[in-house]
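To start, the structure under review is shown below, and the notes come after it.
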Amino acid sequence: MTLIQTSPVRTARVESCAAAPPAHPRPNGQDRYTISEVAAFTGLTAHTLRWYERIGLMPHIDRSHTGQRRFSNRDLDWLMFVTKLRLTGMPVADMVRYAELLRVGDETFGERQELLERTRRDVLRRIAELQDTVSVLDHKISFYADARTASERF
């Protein structure tokens, strides 16, 4: 786990993903990215990044003296995790809930675990459905290949 400063008084923990994140574009300490740089790195739009901040998925974004958002390597890691959660089909409300639980602290480990386990079950169910769909497609493809081969013999 990585410690992050959420206020002058309180420190919260941010979980790291099991898979190592890709190398950061800049080393820690020099990691102040503009919203357009983060959009380019992550593939998310600036509009989406602002929305994530507005709904509480990214409430700790630093600002420059002129008020411009300044993202850090920690923020890039969080966005990578959020992007993975989106790929699972997790509802945005659940992602926001996860972020809220994370900010509360260690006493929410169980609830965060349950949320992730429920999402994992949903993903595995969808994978099984997709595998069944691939089998149906394979059967149809084989049917047409066999039919075309048979018609070419005559």
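The values are calculated or read from the model by the stated rules, or taken from the named source; none is laboratory data. What you see is a predicted model; the values in this text were computed from it and never measured. Virtual Cβ from ideal backbone geometry, glycine too; neighbours counted across all protein chains shown. Ligands, DNA and RNA are stripped out before the accessible areas are found, and what is left, the full protein with its side chains, is counted by its heavy atoms. Shrake-Rupley method; radii C 1.70, N 1.55, O 1.52, S 1.80 Å.
Considering only Ser64, Leu49, Leu101, the residue lying farthest towards the positive end of the dipole of the chain is Ser64, judged by Cα position with unit charges set on Cβ.
The helix-only estimate of mean residue ellipticity at 222 nm for the chain, built from DSSP H runs of length n ≥ 4 each weighted as -39500 (n - 2.57), is -20500 deg cm²/dmol after division by the residue total.
Using a 1.4 angstrom probe with every protein chain in place, what is the largest-first accessible-area order of Ile35, Ile141? Intermediate results must be reported in sequence, preceding the final value.
Details: Ile35 30, Ile141 110 Å².
In descending accessible area the options line up as Ile141, Ile35.
Based on the convex hull around the alpha carbon atoms, region 89-154 presents an average projected area of 5.6 nm². Between Lys84 and Asp138, the distance separating the two model label sites (each 7 Å from Cα on the Cα→Cβ line) works out to 2.8 nm. Only protein heavy atoms count here; under a 1.4 Å probe, Thr34 has an accessible surface of about 40 Å². Extending 7 Å from Cα along the Cβ direction at Trp51 and again at Phe109 yields two label points whose distance is 3.5 nm. From the list (1) 2, 8, 13, 18, 18, 15, 12, 7, 4, 2, 0, 0, 0; (2) 2, 7, 14, 17, 16, 12, 8, 5, 5, 4, 4, 3, 2, 1, 1, 0, 0; (3) 2, 10, 18, 20, 17, 12, 9, 7, 3, 2, 0, can you say which value of P(r) over Cα pairs in 5 Å bins from 0, in percent was derived from the structure given? Given (1) 2, 8, 13, 18, 18, 15, 12, 7, 4, 2, 0, 0, 0; (2) 2, 7, 14, 17, 16, 12, 8, 5, 5, 4, 4, 3, 2, 1, 1, 0, 0; (3) 2, 10, 18, 20, 17, 12, 9, 7, 3, 2, 0, the structure-derived one carries the label (2). Within the full protein context, the accessible area of Ser135 is estimated at about 70 Å² for a probe radius of 1.4 Å. The order of the peptides 121-127, 81-87, 61-67 by mean Cβ neighbours within 10 Å, most packed first, is 81-87, 121-127, 61-67.
Can you list which of the DSSP-assigned H helices in the chain have a Cα extent of 20 Å or more along the long axis and an average Kyte-Doolittle score of at least 1.6? All intermediate terms of the calculation are to be shown ahead of the outcome.
Numbers: long enough: 73-88 (23 Å, -0.10); 109-153 (65 Å, -0.76).
Flagged H segments: there are none.
With every protein chain present, what is the per residue accessible area of the chain (1.4 Å probe, Å²)? Don't jump to the answer; show the numbers that get you there.
Numbers: 10380 Å² over 154 residues.
For the chain, the solvent-accessible area averages 67 Å² per residue.
Here the dipole of the chain is about 400 debye; that uses its Cα centre as origin and unit charges on the Cβ of Lys and Arg (positive) and Asp and Glu (negative).
Report the gain in length on full extension from Arg26 to Arg126: 0.36 nm times residue separation, minus Cα-Cα distance, nm rounded to one decimal. Write out the running numbers ahead of the final one.
Details: separation 100, 0.36 × 100 = 36.00 nm, distance 3.70 nm.
The span from Arg26 to Arg126 would gain 32.3 nm if fully extended.
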